1. Take the range 32-45 and flag every residue that is within 21 Å of the chain's Cα centre (by Cα), surrounded by fewer than 16 Cβ atoms within 10 Å (Cβ to Cβ) and either in contact (Cβ under 8 Å) with a residue 40 or more places away in the chain or part of a loop (DSSP other than H, G, I, E, B) (or both).
2. Out of all the residues in the range 14-23, is one or more in a helix (DSSP H, G or I), without any contact (Cβ under 8 Å) to a residue 24 or more places away in the chain and surrounded by fewer than 15 Cβ atoms within 10 Å (Cβ to Cβ)?
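Just so you know, all these numbers are worked out from the coordinates, no wet-lab data involved. Worth saying up front: this structure is predicted, and the values here are computed from it rather than measured. With ideal geometry, Cβ positions are generated from the backbone for all residues, glycine too; neighbour counts draw on all protein chains shown.
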């Protein structure tokens, strides 16, 4: 499957079959779950790989694919949801025993002033600085 604009692209030319899913703007093609499901059905596919970006990080798309009776090639929607929230992802990783670096939650950028212009991502505190 591909948008009309990608019909001449290498991946489309090399494919055994191409199912068009809409015009060039992603909102009218690659981001239209219904078009992707219809393309899967037309081609006889039983699974949908979301690619990278676009729909791969959308839990609702994973559920949409499953509700259509197809296999979503990727993590379960609950996992996508958890990993899409950085704080929640960190909590899940810590609960699983993944080694963690210390961090500082900052809800007001003025609290970064004591860092003397250093990039806060590059600052590694010597002791826990949890808010």
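1. none
2. yes
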